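Trainee: If you scroll down you'll find the structure; I have some questions about it.
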Amino acid sequence: MADVQIIECVPNFSEGRDRDKVEAIVRAMRVDGVHLLDYSLDADHNRSVVTIAGAPEAVVEAAVRGAGEAAKLIDLTRQKGEHPRIGAADVVPFVPVSSVSLVQCVMLARQAGREIWNRFGVPVYFYEAAAARPDRVNLEDVRRGQFEGLLRDAARDTARRPDVGGPEPHSTAGASAVGARTFLIAYNIYLGSGAGLTQSANQADVSLARTIAKEIRASSGGLLGVKAMGVVVNGRPQVSMNITDFQKTPVAKIHAAVAQIAARHGAMIGEGELIGLIPELSYEPEADWIRQIPQFDPEEKVLERRLHHPLDWP
């Protein structure tokens, strides 16, 4: 695999409740040379995450097609969920896996963004390594105000206008944030029953999840490369995290920090959850964070292993 060019793309779509719609989007992404590695729906966040990998140009084409199908099927004026979003195809990141540089992924992201606008009339913001402006490196800055705020501000505020297309977002599909980045691990921890928690999340439980998230996230002076928020999922409080630099801040360290802060507030942590895949380098077979993910199977959840036996397309 070392000599074969492989990139990963992990598009996030603003639909997590209608499986038929999500599977129609996934089907639209079927392109020769592209493997389907994972897809999941989250009803509480009203969001789905798809992982594909393969030859660079083929992956770009698959991602563009998925964004087009999402624009056709998802109406953000009727969509609500816990997760911030500006578009039907909300984020479309390209990640180098093998024999491809991050700089090459930047060029691929720019290519994909132009195609999404040219084919489907959905404007695009470039973020992370693909950002065309320093104030758009962080995805949170791009998504400020969400779809509703963008709809209100983009036409009258030149600072909010997209990098490609526009100036206004698509009336129902919004805009897409297209980027290039290194591996990101989407890792969540539920808070379990304890002295400070009830079985069904109440406001105090959610406040604790938010307190923990604030304490560990980098933007609040917490752990390097950690983005976190406290939310309710399946009626339970959850610390929802994106780990952008697992080599500088290993997942084990994050897991231990969440457990320690929860204990300080008289609570315990429950099971963990991974959205999408993790790279082989981050996999720690004997670590507590791995053991606390129900039915974790490295052959299914480690990207390099999953490439050897991808999913069937729906």
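Trainee: Please work out if ALA213 is under 19 Å from HIS45 (Cβ atoms), part of a helix (DSSP H, G or I) and either more than 20 Å from the chain's Cα centre (by Cα) or of a type outside the set (Lys, Arg) (or both).
Mentor: So ALA213 fits the description; yes.
Trainee: With the requirement that a residue be more than 20 Å from LEU139 (Cβ to Cβ) and of a type outside the set (Lys, Arg), what does the stretch 75-124 give you?
Mentor: Listed by number, the residues that qualify are ASP75, THR77, VAL97, SER98, SER99, VAL100, SER101, GLN104, GLU115, ASN118, PHE120, GLY121.
Trainee: For the stretch 27-52, what are the residues that are of a type in the set (A, V, I, L, M), in contact with a Leu (Cβ under 7 Å, 6 or more places away or on another chain) and either over 16 Å from ALA186 (Cβ atoms) or surrounded by fewer than 18 Cβ atoms within 10 Å (Cβ to Cβ) (or both)?
Mentor: Within the stretch 27-52, just LEU36 meets the criteria.
Trainee: Could we say that ILE74 is over 19 Å from PRO279 (Cβ atoms), crowded, with 20+ Cβ neighbours inside 10 Å and not aromatic (Phe, Trp, Tyr) here?
Mentor: Judged against the criteria, ILE74 is a match.
Trainee: Are any residues in the stretch 20-39 of a type outside the set (Val, Ile, Thr), over 18 Å from PHE183 (Cα atoms) and either in a strand (DSSP E or B) or within 18 Å of the chain's Cα centre (by Cα) (or both), and if so, which ones?
Mentor: GLU23, MET29
Trainee: In addition: Test LYS248 against the criterion of being charged (D, E, K, R), modelled with pLDDT of 95 or more and either part of a helix (DSSP H, G or I) or more than 16 Å from the chain's Cα centre (by Cα) (or both), and give yes or no.
Mentor: In short, no.
Trainee: Within the stretch 251-271, track down each residue that is farther than 12 Å from GLY222 by Cβ and touching a Phe, Trp or Tyr at 6+ places or on another chain (Cβ under 9 Å).
Mentor: Residues satisfying the conditions are VAL251, ALA252, HIS255, ALA256, ILE269, GLY270, GLU271.
Trainee: How many residues does the stretch 283-303 contain that are surrounded by 18 or more Cβ atoms within 10 Å (Cβ to Cβ) and part of a helix (DSSP H, G or I)?
Mentor: The total comes to 4.
Trainee: Check whether at least one residue in the stretch 251-264 is in a loop (DSSP other than H, G, I, E, B) and of a type outside the set (A, V, I, L, M, F, W, C), and report yes or no.
Mentor: No, there is no match, as no residue in the stretch 251-264 is in a loop (DSSP other than H, G, I, E, B) and of a type outside the set (A, V, I, L, M, F, W, C).
Trainee: Would you call VAL106 farther than 18 Å from VAL31 by Cβ, modelled with pLDDT of 95 or more, of a type outside the set (Gly, Ala, Ser) and not in a loop (DSSP other than H, G, I, E, B)?
Mentor: Judged against the criteria, VAL106 is a match.
Trainee: Filter the stretch 39-93 for residues that are modelled with pLDDT of 95 or more and among the acidic types (Asp, Glu); which is farthest from GLN104 (Cα to Cα)?
Mentor: Only one residue fits best here, namely ASP75.
The values are calculated or read from the model by the stated rules, or taken from the named source; none is laboratory data. Everything quoted here is computed from the prediction, not taken from an experiment. Heads up, the Cβs are rebuilt from the backbone with ideal geometry, glycines too, and the neighbour counts pull from every protein chain shown.
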